[in-house]
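The values are calculated or read from the model by the stated rules, or taken from the named source; none is laboratory data. Fair warning: this is a prediction, and the values are worked out from it, not measured in the lab. Methodologically, a virtual Cβ is constructed for each residue, glycine included, from the backbone with ideal geometry; neighbour enumeration extends over all protein chains shown.
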Amino acid sequence: MSVIIRENRKEDNEILAKIIRTSFHDFEVSCTNGTVYSDPTTDDLYSLFQTEKSALFVAEENGLILGCCGIFPTTNLPDDTTELAKFYLSKDARGKGIGKLLLEKCIEKAKGLGYKKVYLESIPEFSKAVSIYEKQGFRYLAKPLGDSGHSGCNLWMIKNLD
């Protein structure tokens, strides 16, 4: 596999927004408000991830962008906690270990930035991703943390990095 994991670039914006929104259609997820689908930042992830203590990584193979995953200091999270955000893969990239590479890169970056925990929000329709989180040591929470603005999510998980 000749996949490279790199930081996102401004020119990635359009294809990443398409991959994210297409994932909702692929998994027959409602595209209502309260999800990343309708979040206006989805169209300019480059600018969003210029925020201090954040990072967005892109998986690319032979010039083709396959997906992304990032960490973000979501409002009202504890200071030692970052949110795993914008974790989406194109249909052709799923089931090949690319998601695991992206997730591991984000965990490594979170540790490097001094975070002690990684939090995430998801929905049951993305069950394949949820199984990756479970295998990586994330545990379920009873309620959301922070203020992501994604009220459409109903699964919340956290992982201790120590």
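Laid out as a table, the results:
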item: Within the stretch 107-139, tally of residues that are β-branched (Val, Ile, Thr) and in contact with a helix residue (DSSP H, G or I) (Cβ under 7 Å, 6 or more places away or on another chain); result: 2
item: Contacts under 9 angstrom Cβ, first residue in the stretch 88-100 being over 16 Å from Glu125 (Cα atoms), partner in a helix (DSSP H, G or I) and among the aliphatic types (A, V, I, L, M), 6 or more apart; result: Ala93/Ile19; Gly99/Ala93; Gly99/Ala129; Gly99/Ile132; Lys100/Ile132
item: Single unsatisfied condition, Ile20 versus (1) assigned to a helix (DSSP H, G or I); (2) surrounded by fewer than 14 Cβ atoms within 10 Å (Cβ to Cβ); (3) modelled with pLDDT under 95; result: (2)
item: Odd one out for Gly97, checked against (1) surrounded by fewer than 18 Cβ atoms within 10 Å (Cβ to Cβ); (2) in contact with a helix residue (DSSP H, G or I) (Cβ under 9 Å, 6 or more places away or on another chain); (3) of a type outside the set (A, V, I, L, M); (4) on the phi > 0 side of the Ramachandran plot; result: (2)
item: Of residues in the stretch 27-53 being loosely packed, with under 12 Cβ neighbours inside 10 Å and not in a loop (DSSP other than H, G, I, E, B), the one modelled with the highest pLDDT; result: Ser47
item: Any hit, the stretch 142-158, residues being in contact with a strand residue (DSSP E or B) (Cβ under 7 Å, 6 or more places away or on another chain), crowded, with 18+ Cβ neighbours inside 10 Å, among the small types (Gly, Ala, Ser) and on the phi > 0 side of the Ramachandran plot; result: yes
item: Subset of the stretch 66-90 (residues that are surrounded by fewer than 21 Cβ atoms within 10 Å (Cβ to Cβ) and of a type in the set (A, V, I, L, M, F, W, C)); result: Leu77
item: Search result, residues across the stretch 61-89 that are more than 13 Å from the chain's Cα centre (by Cα) and under 25 Å from Asp26 (Cα atoms); result: Glu61, Asn62, Gly63, Leu64, Ile65, Leu66
item: Unmet criterion (only one of (1) in contact (Cβ under 8 Å) with a residue 60 or more places away in the chain; (2) part of a helix (DSSP H, G or I); (3) closer than 20 Å to Lys10 by Cβ) for Cys68; result: (2)
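Per-residue answers, yes or no, for (1) part of a strand (DSSP E or B); (2) modelled with pLDDT of 90 or more; (3) farther than 21 Å from Leu45 by Cα; (4) not aliphatic (A, V, I, L, M):
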site	(1), (2), (3), (4)
Lys96	no, yes, yes, yes
Glu104	no, yes, no, yes
Ala110	no, yes, no, no
Gly114	no, yes, yes, yes
Glu125	no, no, yes, yes
Lys143	no, yes, yes, yes
Asp147	no, no, no, yes
Ile158	yes, yes, yes, no
Asp162	no, no, yes, yes
